[in-house]
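Novice: Please see the structure below; I have some questions.
Quick note: the coordinates plus some simple rules give every number you see, no bench work behind them. All figures in this text were calculated on a predicted structure; none of them were measured in a lab. With ideal geometry, Cβ positions are generated from the backbone for all residues, glycine too; neighbour counts draw on all protein chains shown.
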Amino acid sequence: MAIITESLLGDQSSSPPHEATSGQNNSESTRPNDADPFKKVNVEQWIIELRDRRTRENALQRLSKIREIREDLAPLLWHSFGTTYTLLKEILEVYPMVTSPHLLTQEASNRACNTLSLYQCVASHPETRNLFVKANIPMYIYPFLGTKSKEKPYEYLRLSSLGVIGALVKDNDEDIITFLLQTQVFCYCIRCIEVGTILSRTVATFIIERILISDQGMKYCITFADRFYVITQVLSRMLDKLPEEPSHRLLKLIIHCFLRLSDGLTGDVDSLSLCLPRSLRDSRVINLVSEDPVAMSYLKRLYCNVAAGRKPNGAAGKQPNGGSGAESNGRVAKG
């Protein structure tokens, strides 16, 4: 599980060591010291073994371990005969177990997570990423993001699924952002934030942040009042939990999300006030990023945006939808 998060949040690596997950030991076999033996193996043979149920589970485990060190694995998986269909069948077989609590076993969860790790590999590769999306495969993963159970098998499945979506948004491809917005990925990310562990909350917030970086993602979030309100409230509730569950990288992501939201709310006083919750003035929270110059610059810009919106001249400024401040309040600043 640690591999999923670190590969997505590598630019957030200044976070403290205690934020690693319990799956950290499982990733040791993919570190550089073990890379040479894996590069010599017959990957094509393991891919062929995916077709046979008797050898599939072993092949899934082996392939998932080498996905970080074999740059050609994603094209081999995607273009090999029947492999995408075989992986999809593995995903579909778990569906009956995620509909109710306590049905998903750890063994079934591990097997599904190995399958999802290969999907993450395909989603990360520039040659196969758009093909993966055009085939609508991410939509088959969404049910795992919608589970409510907090038991470990469900949490591992949730985190692995978030890893696939996170791999898709990492490079800010506009077509992929459009696909994810049209398929309501925001709703699933919010569900993961509400029920997941701090690691799932971090990856889900990372996905929201990457979407907000795009102009269409920002407009999607601020166009309607109810959508904007839900997003700001979810982010605020995560902030409130940080004194008890401190996380540098999660806080940095949250601040950047609020900053992007504030960038699109020119002169909308009521909405801008929601972008600066009380927790962002709490020294216990701010101290988590006090030594991170990038995070502090985000926070200072957020303060400036909110302060500028509260000035008398800013209250009637132009809104993203082209209306005046009073007109925008009917769309964005309700709640």
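Novice: Can you give the charge dipole size of the range 82-197 about its Cα centre, rounded to the nearest 20 debye, using +1 on the beta carbon of Lys and Arg and -1 on the beta carbon of Asp and Glu?
Specialist: The calculated dipole for the range 82-197 is roughly 260 debye.
Novice: A further question follows. Which whole-Hz couplings ³J(HN,Hα) result when phi for each residue of the range 64-72 is put into the Karplus expression 6.51 cos²θ - 1.76 cosθ + 1.60, θ = phi - 60°, listed in order with x for Gly and Pro?
Specialist: My calculation for the range 64-72 gives 5, 6, 9, 5, 7, 10, 10, 5, 8 Hz in order.
Novice: On a C-alpha basis, how far is the centre of the range 252-290 from the centre of the range 61-118 in Å? Whole number, if you could?
Specialist: 38 Å
Novice: Tell me the net charge near Pro277. Cut-off is 10 Å between Cβ atoms, Pro277 excluded, with +1 for each Lys or Arg and -1 for each Asp or Glu.
Specialist: Charge balance near Pro277 sits at +1.
Novice: Quick one: which of 47-54, 149-156 comes out on top by average Cβ neighbours within 10 Å, and what's the full order, highest first?
Specialist: In descending order of packing, they fall as 149-156, 47-54.
Novice: Taking +1 at the Cβ of each Lys and Arg and -1 at the Cβ of each Asp and Glu, which of Leu251, Gly264, Ile222 sits farthest along the dipole of the range 191-283 towards its positive end, judged by Cα position relative to the Cα centre?
Specialist: Selected residue: Leu251.
Novice: At a Förster radius of 22 Å, what calculated FRET efficiency corresponds to the Cβ-Cβ distance of Ser290 and Asn172, to the nearest 0.05?
Specialist: FRET efficiency, Ser290 to Asn172: 0.20.
Novice: If you don't mind, another one. Would you mind getting me the FRET efficiency between Gln45 and Ala308? Use the beta-carbon distance for r and R0 = 41 Å, nearest 0.05.
Specialist: So the FRET efficiency works out to roughly 0.10.
Novice: Okay, moving on. Kindly write out, for the range 166-175 in residue order, the coupling ³J(HN,Hα) from the Karplus curve 6.51 cos²θ - 1.76 cosθ + 1.60 (θ = phi - 60°), rounded to whole Hz, with x marking Gly and Pro.
Specialist: x, 5, 5, 8, 4, 9, 6, 6, 4, 5
Novice: Order the peptides 107-115, 163-171 from the highest to the lowest mean number of other Cβ atoms within 10 Å of their residues.
Specialist: In decreasing order of mean packing, 107-115, 163-171 become 163-171, 107-115.
Novice: Fully extended, how many nm does the chain gain between Tyr142 and Ser100 (0.36 nm per residue separation, minus their Cα-Cα distance)?
Specialist: 13.6 nm
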